[in-house]
1. Any idea which of (1) part of a loop (DSSP other than H, G, I, E, B); (2) on the phi < 0 side of the Ramachandran plot; (3) of a type in the set (G, A, S) is the one A167 doesn't satisfy?
2. Taking the condition open to solvent by 20 Å² or more (accessible area, probe 1.4 Å), in contact (Cβ under 8 Å) with a residue 40 or more places away in the chain and either closer than 21 Å to N58 by Cβ or part of a helix (DSSP H, G or I) (or both), does L152 pass?
3. Do you know which residues across the stretch 18-38 are touching a residue at least 12 places away in the same chain (Cβ under 8 Å) and either at positive phi or of a type outside the set (A, V, I, L, M) (or both)?
4. Being in a helix (DSSP H, G or I) and among the aliphatic types (A, V, I, L, M) is the filter here; which residues of the stretch 137-149 pass it?
5. Within the stretch 12-28, track down each residue that is open to solvent by 80 Å² or more (accessible area, probe 1.4 Å) and among the charged types (D, E, K, R).
6. Do any strands (runs of 3 or more DSSP E) entirely within the stretch 29-96 hold 1 or more residues that are open to solvent by less than 30 Å² (accessible area, probe 1.4 Å) and near the ligand (Cβ under 10 Å from one of its atoms), and if so, which?
7. Among the listed residues I137, I129, which satisfies the condition of being surrounded by 10 or more Cβ atoms within 10 Å (Cβ to Cβ) and among the aliphatic types (A, V, I, L, M)?
8. Could you check how many residues of the stretch 98-112 are aliphatic (A, V, I, L, M) and open to solvent by 20 Å² or more (accessible area, probe 1.4 Å)?
Amino acid sequence: MNNAKDSLSEIDLQHLAHCLSLAEEAVNAGDKPFGSLLVNQKNEVIASARNRVNELNNLAHPEIELAHWAAKNLSAEERNKTVMYTSGEHCPMCAAAHGWVGLGGIVYLSSAKQLKEWMLEMKVPAAPIQFYPIQDIIPNIQVKGPASGKLLEGIKALHKKYYDLQADLG
Ligand SMILES: [Zn+2]
């Protein structure tokens, strides 16, 4: 079995809980539950974002928004030392953005593989693109995740809530 969750520190779990609360904010605004943070070497949150597809357009994922923010606001050296925490493993678009701007590691709450399984379980349409493990897109990136227990249950419950709300509207 995968023991990646064992490497998540208390601080990692706190940042992931913050991502979960951003994901909840997204769902409450009618968006899919995704939220992400940039954290510097001192473990300070320097930027945060949530899904805004509903509000902007289909490309408004938090990870690419943070990659743009980092390109504009941080030096290459700073970006390299900045870790992205995220409620869900990056999609290929966001992974590419993360790699192109040279951000540091990634810590995710749930993996793309888990999300795919949950979507099948919830009988909702699959994403229009294929997902890959982030290491397939950014070679040698430092990756931690997924989390387990309450945090993982929490993000799964938010995905279910999103689709339940959609069904009510539909
Ligand atoms: Zn994305």
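The values are calculated or read from the model by the stated rules, or taken from the named source; none is laboratory data. These numbers come from a predicted model, not from an experiment. All Cβ positions, glycine included, derive from the backbone under ideal geometry; neighbour counts span all protein chains shown. The area values use the complete protein model at the heavy-atom level, side chains included, leaving out ligands, DNA and RNA. Shrake-Rupley method; radii C 1.70, N 1.55, O 1.52, S 1.80 Å.
1. Going through the list (1) part of a loop (DSSP other than H, G, I, E, B); (2) on the phi < 0 side of the Ramachandran plot; (3) of a type in the set (G, A, S), A167 breaks only (1).
2. yes
3. Passing the criteria: H18, C19, S21, E24, E25, G30, D31, K32, P33, F34, G35, S36.
4. Going through the stretch 137-149, the residues in a helix (DSSP H, G or I) turn out to be 137, 149.
Selection gives I137 alone.
5. Listed by number, the residues that qualify are E24, E25.
6. Working: elements: 35-39, 45-50, 83-88.
Because the criterion is at least 1 residues that are open to solvent by less than 30 Å² (accessible area, probe 1.4 Å) and near the ligand (Cβ under 10 Å from one of its atoms), the strands (runs of 3 or more DSSP E) in the stretch 29-96 that meet it are 35-39, 83-88.
7. Every option except I137 fails the conditions.
8. Count: 1.
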